[in-house]
Structure formats: structure tokens, C-alpha cells
Amino acid sequence: MRPDDRRDAADEGDVRRFNELSVDACVERLLACCSSPTWARRVETARPFVDAQTLLERADQILTELTETDLDEALAGHPRIGDRPDNASSAREQSGVAGADPSVLAELEEFNAAYEQRFGHVYLVFANGRPADELLGILKKRIDNDAETERRVMRAELAKINRSRLIRMLATHDTDEGASA
């Protein structure tokens, strides 16, 4: 068996376990990936999935169909870049910010506030361990976007975050009924 074949077989088992979760346990796991209750319920009701790729594609599609209110709920689950993360996923994703130069953190704080003033929501970026100065550079570029462009960019970033969290959920077997989200 090739390594790719083993991963495919593991994916099937991971998705099978995900498909077998109770409704409540499934929604709980999904809310740990994205805090939009609408997104979590719709992904849950789309089960069963034949494989991880189908799950990811359907989750992406559901995200594109969310209302602005649903998106605001999803954003509410994300701390500001540079703030102390309030959950394990955000802490892992923002690990590159830890220990950043205080001047960069201060500038992040300043630009986060300006971004929120301009767009009415938290600056969301697929941080994925990127250093603080890189995230600040992205923020400085995005703050000049018009509202429609920024909303589109934010949705794309949210999709990346959701995918990463879904993959991690499946890979860490956080689909067991007794696991905590």
C-alpha cells in the first residue's frame, strides 16, 4: 500500500466517524471550526459525506450561501490578530504572533482598530503561523479595500480557516463522542 493509499483509507475512516456522530456532537465539533450556527447546522444536515474532499467542498459551498448576519456570527468567533486567543485553534493559528516585537504588536492593535472602524468587523486572515509583521503588512494593504472587495476577501480567508480546522478535526480524530471540541 502506497502512503497516499493509507491516507485515503484514514480519510475514509475519519469521515465515517464524523458521519456517525450524533447531531448534537457533530454540530458541537463544527462550531469549534466555525462559530456560525447556520453553517454548522447546514454542514451537519449534509451528512453523510463519502470522503473528506466532499465534506470540504460542501462546507465551502455552504459558506458562500451564508447571509451577512451568519457571517457576522462566524466572525464573532475569531479574536483580533495579536490579541490573546481565547481558543486552542486560534492560538495555534496565531502562534507566529507570539513573541513578536512590541512595536509590531502595537501597530497591529492600531490597525486592527482602524480596520474595525472602517469595516465593522474584526480583521480576519488565515494566519496559519505567519509572523506578526507579515500579518500587519496584509492588514495595511486590505484596509484600503472597498467594503464589497473586503467582504469577498474576508469570506475567502474564512473558508481557508474553516478548511484547515475541518482537516485538523478529522486528522486528530476529534470526532469521537467523548472528545471535547
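The values are calculated or read from the model by the stated rules, or taken from the named source; none is laboratory data. Being a predicted model, the structure only gives us computed values, none of them experimental. Note: ideal-geometry Cβ built from the backbone for every residue, glycine included; neighbour counts use all protein chains shown.
Per-structure values
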item	result
Among the candidates Val43, Val50, Val15, Val27, residue that is of a type in the set (Val, Ile, Thr), on the phi < 0 side of the Ramachandran plot and part of a loop (DSSP other than H, G, I, E, B)	Val50
The lone exception for Val23 - which of (1) of a type outside the set (D, E, K, R); (2) buried (at least 21 other Cβ atoms within 10 Å of the Cβ); (3) over 16 Å from Arg168 (Cα atoms); (4) over 14 Å from the mean Cα position of the chain (by Cα) it fails	(2)
Residue check for Leu66: assigned to a loop (DSSP other than H, G, I, E, B), modelled with pLDDT of 95 or more and not aromatic (Phe, Trp, Tyr)	yes
Long-range neighbours under 6 Å by Cβ, at least six apart or interchain, first residue within 14 Å of Met169 (Cα to Cα) within the range 30-59, second among the aromatic types (Phe, Trp, Tyr)	Leu55/Phe49
